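Here is the structure we will look at, set down as structure tokens.
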Amino acid sequence: MSRLGLYVHVPFCSSICNYCNFNRGLFDPELKDRYVAALLKEIQSSPHAARPADTIFFGGGTPSLLDASEIESIIGSLRRSFDLSQDAEITLETNPETVDREKLEGFRAAGVNRISFGVQSFQDDELKRLGRIHSADRARAAMAAARAAGFDNVSLDLMMWLPGQSVDRWLANVDALVEAGPDHASLYLLELYPNAPLKEEMARGGWSLAPDEDAADMYLEAMARLERHGYRQYEISNVARPGRASRHNLKYWTDGEWVGFGCGAHSTVAGVRWKNVSATEEYVNRVAAGTSVVTERRHLSHDERLGDALFTGLRLCEGIDLEEVGHRYAVDVWSRYGEALRPYIDEGWLVRRGERLSLTRAGMLMANEVMAAFV
Ligand code: SF4
């Protein structure tokens, strides 16, 4: 039986960013209290209780808006319900403006051992354009406070291909990241959903996105620069210092199992995938009434599970072991997909070495096209 990853969703934010399509809402202290109580109740009654688990990930929203005592209660409840490893990785997504050294010390005392900062940019005009409420200096101060509070596993998110962002401006952000010195970093492309308010602001401000070739240069040069500074890329969007890859997120990419708690949280266990109701109030009310919070539950077919294992595994730089996946799903992977994948090998986007199949860095830019072969 594999060890579970445990995900806890915290849907509250101090303000709403103009590009954000996550499951979140404005912070409301009264609703937050009821939400934490509901989380504790959902955890206690989990049908997967007693199973071994080795990661906890507080995601959001802005989990760092909770008090350290609330984080401690939730971790305590997970410990009582699951067989949590002594060395479990416990991550808290944190927005820089919500913390100082004292608050971070509280989180550390509560059991958190990994902080993931949503920095997004080290340039104040870019942050304003995104509707973020921290400054670059505040982000640097939060990083320093995390170190002072004793965290030796700190991650930082940056977004690239922002409206009006040139390649040079992006690379200045990468240099600032290197200077800040996190142990792990995630570099995401800004994706704009159809009605994102940022789209209107872009039109008003006359900001456009750099051409696709520039976006490719941004990605390739960032990865090269980070590697020169001791980071190893291990996934399409993620780099880490040795031993600091995200153990929780690796479960999503290695065909692992996870249980999510809170509104909108997803879970996948033993080929069954389910999702909790998205609306915070409805989630709280359902828990209080003792009714199920699950809105969608699906048994994945054999082919869907195989497709997912290949699709997500290919996000990793080490790629997939065709023999191992084939053994797990009783199928000859190459006989089934080899013909569809051959053109990508010829193109230089995919490489097969023995039983290992992986994307080249150029192929990572074309990942969606390549992965379509599996779905
Ligand atoms: S802080 Fe994160 S979750 Fe909250 S609105 Fe901004 S992008 Fe969305």
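Overview of values
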{"read-out": "Segment 328-334 - phi-based ³J(HN,Hα) in whole Hz, Karplus 6.51/-1.76/1.60, Gly and Pro as x", "value": "5, 10, 6, 8, 8, 4, 5"}
{"read-out": "Distance between modelled label sites at Ala109 and Glu318, nm, 7 Å Cα→Cβ extension", "value": "3.8 nm"}
{"read-out": "J(HN,Hα) series, segment 198-213, from Karplus relation 6.51 cos²θ - 1.76 cosθ + 1.60, nearest Hz, glycine and proline x", "value": "4, 4, 5, 5, 4, 5, 5, x, x, 8, 10, 8, 4, x, 3, 4"}
{"read-out": "FRET efficiency, Arg353 to Ser14 (Cβ-Cβ, R0 51 Å, nearest 0.05)", "value": "0.60"}
{"read-out": "Selection from Leu130, Gly76, Ala88 lying farthest towards where the dipole of segment 64-196 points positive, charges on Cβ", "value": "Leu130"}
{"read-out": "Column: log10 I(q)/I(0), Debye, Cα scatterers of the chain, q = 0.07, 0.10, 0.15 Å⁻¹", "value": "-0.32, -0.68, -1.52"}
{"read-out": "DSSP beta bridges in the chain [antiparallel fraction, %, rounded to 5]", "value": "40 percent"}
{"read-out": "The chain: calculated mean residue ellipticity at 222 nm from DSSP helix runs of at least 4, using -39500 (n - 2.57)", "value": "-12500 deg cm²/dmol"}
{"read-out": "Per DSSP, loop GluC sites (Glu not before Pro) in segment 339-375 with at most 12 further Cβ within 10 Å", "value": "none"}
{"read-out": "Asn18 long-range amide H proximity, modeled H, under 5 Å", "value": "Gly131"}
{"read-out": "Hydrodynamic radius of segment 1-116 per Kirkwood, over alpha carbon pairs, in Å", "value": "14.6 Å"}
{"read-out": "Under Karplus coefficients 6.51, -1.76 and 1.60, residue-wise ³J(HN,Hα) of segment 276-281 in Hz, glycine/proline x", "value": "7, 4, 7, 6, 4, 4"}
{"read-out": "Dipole of segment 12-77, positive end: most advanced residue of Gln44, Leu31, Tyr19 [Cβ charges, Cα centre]", "value": "Tyr19"}
{"read-out": "q = 0.21, 0.23, 0.25 Å⁻¹: log10 I(q)/I(0) that the Debye formula gives for segment 82-151, counting C-alpha atoms only", "value": "-0.83, -0.93, -1.04"}
{"read-out": "Among Gly181, Gly206, Gly106, residue whose mean-square fluctuation peaks in a GNM of the chain (springs only between Cα atoms under 10 Å)", "value": "Gly206"}
{"read-out": "Sites Ala172 and Asp100 - FRET efficiency at Förster radius 25 Å, r taken between beta-carbons, to 0.05", "value": "0.40"}
{"read-out": "Kirkwood Rh in Å, taken over all unlike Cα pairs in segment 210-255", "value": "11.8 Å"}
{"read-out": "Amide H contacts under 5 Å for Ala149, placed H, 5+ residues apart", "value": "none"}
{"read-out": "Cleavage-rule hits, GluC sites (Glu not before Pro), segment 156-201, DSSP coil, Cβ neighbours within 10 Å at most 12", "value": "Glu191"}
{"read-out": "For the chain, size of Cβ-based charge dipole, Lys and Arg +1, Asp and Glu -1, in debye", "value": "720 debye"}
{"read-out": "Square roots of five times the Cα gyration tensor eigenvalues for segment 107-186, Å", "value": "24, 12, 10"}
{"read-out": "Computed E for Asp28/Thr295 - FRET, C-beta separation, R0 30 angstrom, nearest 0.05", "value": "0.85"}
{"read-out": "Residues with amide H under 5 Å from that of Glu235, placed H, sequence gap 5 or more", "value": "Cys317"}
{"read-out": "Segment 24-125: relative contact order as a whole-number percent, Cα under 8 Å and 6+ apart", "value": "30 percent"}
{"read-out": "Compactness of segment 49-204, expressed as Rg and Dmax over alpha-carbon positions, Å", "value": "17.0, 54"}
{"read-out": "Rounded if a/c under 1.5, otherwise prolate or oblate - segment 217-331, Cα gyration tensor axes", "value": "oblate"}
{"read-out": "Max mean-square fluctuation residue, GNM over the chain, Cα-Cα springs under 10 Å, options Met218, Met202, Met160", "value": "Met202"}
{"read-out": "Cysteines having no other Cys beta carbon under 4.7 Å from their own, within the chain", "value": "Cys13, Cys263, Cys317"}
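Taken together, the values in this text are just the output of simple stated rules run on the coordinates, not laboratory data. This is a predicted model, so every value here is computed, not measured. Backbone-built Cβ (ideal geometry, glycine too); neighbour counts: all protein chains shown.
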